[in-house]
Amino acid sequence: MFIFAIELYLIIMAIKTKNICLFFVVFCINAATVFATNIRVKHAFQTTGAGNKCVALCRIDIDFDTEKDFHIESAEIELNRETAQNIEHLMICSTTTDEFYADNSPIIHGKKKAKQGANTLKWNLNGQFNSQRSLWIAADINPKAKEGTTISPYLKQIILIAGGQRQTIKPTPASDESDKISMKIFKQQAFLFIPTTQECRFYRIPAMVLDQHGNIIAASDRRYESNGDLGNHRIDVVIRRSNDNGKTWTPQLYIAEGDTSSASTYGYGDAAMVRTATGRIVCLLSAGKNNFFRGMHNIGLTYSDDDGKTWTAPRELTTSNFRDEPHQLTDSLGFWSIFPTSGKGLLLPNGRIMFAANCIDQPDTYTIDCYMLFSDDNGESWTIGKQCAFHGSDESKLCLTNEGQLLLSVRQDGKRGFNLSPDNGENWLTQCHTDDMQGNACNADILYYSRSTEGERDILLHSLINDKDRKNLSVFRSTDGGKSWHEFINVQPGGSAYSTMLKLANGDVALLFEDESYSAGNGYHLNFIVISKEQITL
């Protein structure tokens, strides 16, 4: 009654002063702020694959000033020509959490065929929308969508109804234009390890290897309730397998489970895999309960002789079957701290398998040296290289040059580090840096895609975080054996970190990486994408 009296008084005053404009301003403000004050658009992920279904494009956050449930009448989405060609259907959905892909069954409230220009999505499903659910715009991607093109929808407005009142509200523009979604299309894309699923909140550290039949094995840390490295919490390692170049995947399979009891088996993480000459898949793991800068000196080893279907129980590598004269073998291989670089190792033509390892000689120092950890008997016994491959290093990856030299690529803060070995890692030349690739100190990968020595075009690929922060994942290419590099494919400009690559049997390249282009406070999604052979050889 009091509010009605105020409104009546204002109407009378507006009429007396003939200031009709004042009356309408007061009336509109009163009506427009009855139940919602603002909507904001948060972009979802920045990659998708041709033919993907129900892909999250953006999350819509609504500010409430009432406890009433909302009925959403419609949402209007603007599509440019390229986006309309790449989308088959638009959808308005809701989930029980802020994680779209962790919800096994997002509710689709409205769906329509996409077209260029304005698209009005009507809320077709009966029911109200409340603050306990998250609202999304999603899409089915056209199976014929062209690789490398983008999807850039724009939310123009939403019409809401609550308490019998109808309100049209437009998004508040973001200062960084993050409300304008941009999503790049790849040949294939899938999230293999998703936060808050399978009773695990955090997943990290991608690793991949091909079995002897060309099938993919992908690994990840399960970090449960903490995103940190080994140190004071248990971490387990799981894999998934694909027999169709990444189109479908098996459920998670544990290959290393910590027991939170003894120092060497407290937890496992940072998987690094390689296939031996016999087809065995060998996986080395950081192990125990010590952080690397607090004396990590346990290495776990597990392997599979049936293409990743079953695995041996992890054993401690550093206290059995280890030959180490140069470094005066102790439980820590003569080093105060050591762990193999996550991702993948290398199989040499002579059958030797090799991993780059981070090593610290003296306690309580932060200077890392890179040494080679290798086996000549299918992983049964191991040796640590005599010579430091890179002083002041960090996580490193290996490949073999056309001349038969080992090429080492080293994580650095700034310019990427490199070195060469002419004799399978026994000796190393002079370490150096390249001006062509620089960015955040982050684990990356190097892959010799095709070789001039085999009658093909010489192409060497390198994934890299091309920014001072952990974002802007790119693939660089060299066509002169690594002498020079140029950015070739920008995978995504948003949050990203560790990555690893494989060349598939059909010539495509698989890339598995930590994706934080969308985050609801649960860290990374491990994102699997396929870049076609045609794109690589452009």
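For the chain, the longest principal axis of the alpha carbon atoms and the long axis of helix 20-32 meet at an angle near 50°. When the alpha carbon gyration tensor of the chain is reduced to an equivalent ellipsoid, its three semi-axes come out at 52, 25, 21 angstrom, largest first. A straight Cα-to-Cα reach below 12 Å connects Lys533 with the aspartates and glutamates Glu147, Asp508, residues fewer than 8 places away in its own chain not being considered. Protection proxy ranking, highest mean first, for peptides 373-379, 386-392: 373-379, 386-392, where packing is the per-residue count of other beta-carbon atoms within 10 Å, averaged. Counted residue by residue at 0.36 nm each, then reduced by the alpha carbon distance between them, the extension gain from Thr278 to Asp364 reaches 26.9 nm. Pairs spanning more than 27 Å between alpha-carbon atoms, out of Lys53/Lys309; Lys42/Lys113; Lys112/Lys471: Lys53/Lys309; Lys112/Lys471. For the stretch 274-321, pairs of C-alpha atoms spaced more than 14 angstrom apart make up 55 percent of the total.
Modelled spin labels at Glu534 and Thr37, positioned 7 Å past Cα toward Cβ, are 5.2 nm from each other.
Spin-label pair Thr453-Ser519: with each label point 7 Å from Cα along the Cα-Cβ axis, the two points sit 4.2 nm from one another.
Here the stretch 452-538 is treated as an ellipsoid with the same Cα gyration tensor; its semi-axes, largest first and in whole Å, are 26, 15, 9.
Taking 0.36 nm per residue of separation and subtracting the Cα-Cα distance, what length does fully extending Asp377 through Lys146 add? Fully extending the segment from Asp377 to Lys146 adds 78.5 nm. For the pair Lys468 and Asn506, a Förster radius of 41 Å applied to the C-beta separation gives a FRET efficiency near 0.70, rounded to the nearest 0.05. Between Ile107 and Thr430, the FRET efficiency estimated from the beta carbon spacing at R0 = 45 angstrom works out to 0.15.
Computed over the stretch 334-408, the percent of Cα pairs more than 22 Å apart is 21.
On a per residue basis, the convex hull of the C-alpha atoms belonging to the stretch 223-268 measures out at 93 Å³.
Readers should treat all values here as calculations from the given coordinates under stated rules, not as data from a laboratory. Quick caveat, the model's predicted, so the values are computed rather than measured. Glycine gets a Cβ as well: all are built from the backbone with ideal geometry, and neighbour counts include every protein chain shown.
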